[in-house]
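One structure below.
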Amino acid sequence: MKQKRELAGELERLDLSLTQEHWTRIEIYVETLLKWQKSINLTAVRDRRDLLKLHFFESFWAANQFLEPSSALVDIGSGAGFPGMAIKLFRPETRITLVEKNLKKATFLRTLARKLKLDVAIVAGPAESFHDWKAVDCATCRALRPSGELIQILQGSAVDFLHFRGKQRDEQLASWKVAAEQRFPLSRNRWVSLYVSDVSRETSFKR
């Protein structure tokens, strides 16, 4: 991949180390994404360098900062697969479920998982209808505002919430405790916050 050398400084800044297998899968991911992008809208980012920095690297960095390898994670409204599929690419040992209500995007995710040879569970439907929260450590979403119903479901199931967001916190999450949060070093406006509900339980997430 051409950008591999060009982005060495950004990877060092994020304290990320990628293997050749990572880069091979990233190349497959990008090519598949750009091919499907011609028929369905998966991402507004078209430039490969920005795609790597703002989508892939942000997902990898967040996994390093907040996520233990043995965690069970549900990515809500996964869309193009960020952050869930990217985290699985970076850390295959992490248990990932991608929930996507758009059937065409869910089909894209299944095709992508097959091409990447990654064991990912993909659920086509709204997150509010997902019923296996008791087996989940944490939910996450990016570029999506969770519904009030979903937030109540997560709280009732004692599921932590890893939120990829802009500068402002979501007011719907005001009743949750912010266990940790950091600004993504490659952006002035991108933040990741780890929220925990009032219901306490052991999780495998970094606090």
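Extending 7 Å from the Cα toward the beta-carbon at both residue 117 and residue 93 defines two label points whose distance is 2.0 nm. Of the listed residues 68, 12, 100, the order by accessible area with a 1.4 Å probe, largest first, is 12, 68, 100. Only Cα pairs under 8 Å and 6+ residues apart enter the sum, and on that basis the relative contact order of the chain stands at 18 percent. Computed over neighbours whose Cβ is under 14 Å from that of residue 95, the net charge equals -3, Lys and Arg +1, Asp and Glu -1.
Hey, any idea what the orientation-averaged projected area of the convex hull of the stretch 1-98's Cα atoms comes to, in nm²? Write down the numbers at each step before the final one.
Working: hull surface 24.3 nm².
Seen from a random direction, the Cα hull of the stretch 1-98 projects 6.1 nm² on average.
Distance distribution note for the stretch 73-167: the fraction of Cα pairs above 21 angstrom is 25%. Per residue, the convex hull spanned by the alpha carbons of the stretch 88-138 comes to 75 Å³. In this Cβ point-charge picture (+1 for Lys and Arg, -1 for Asp and Glu), the stretch 50-107 has a dipole of about 200 debye about its Cα centre. DSSP finds beta bridges in the chain, and of those with both partners inside it, around 40 percent are antiparallel. Expressed as a whole percent, the accessible surface of the chain that belongs to carbon and sulfur atoms is 47, based on a 1.4 Å probe.
Between the stretch 134-149 and the stretch 1-24, the C-alpha centres lie 29 angstrom from each other.
Largest first and in whole Å, the equivalent-ellipsoid semi-axes of the chain read 26, 20, 16, each the square root of five times a Cα gyration tensor eigenvalue.
Of 101/134; 53/117; 88/134; 35/177; 53/104; 115/167, which sit over 32 Å apart, Cα to Cα? In this structure, 35/177; 115/167 exceed 32 Å between Cα atoms. Take the chain with all the other protein chains still there, run a 1.4 Å probe, and you get 48 Å² of accessible area per residue.
Paramagnetic label reach from residue 5 (point 7 Å along Cα→Cβ; backbone nitrogen cut-off under 15 Å): within the stretch 19-61, no residues.
Among 171, 21, 128, 10, the order of accessible area from largest down is 171, 21, 128, 10, computed with a 1.4 Å probe on protein heavy atoms. Working from Cα pairs under 8 Å separated by at least six residues, relative contact order for the stretch 72-172 is 29 percent. For the stretch 14-63, the equivalent ellipsoid built from the Cα gyration tensor has semi-axes of 21, 13, 8 Å, listed from largest to smallest. Excluding residue 127 itself, what net charge comes from residues whose Cβ is under 14 Å from its Cβ, given Lys and Arg +1 and Asp and Glu -1? Here the count lands on -1.
The values are calculated or read from the model by the stated rules, or taken from the named source; none is laboratory data. These numbers were taken from a predicted model, which means no experiment stands behind them. Glycine gets a Cβ as well: all are built from the backbone with ideal geometry, and neighbour counts include every protein chain shown. The accessibility values were calculated without ligands, DNA or RNA, using every heavy atom of the protein model including side chains. Shrake-Rupley method; radii C 1.70, N 1.55, O 1.52, S 1.80 Å.
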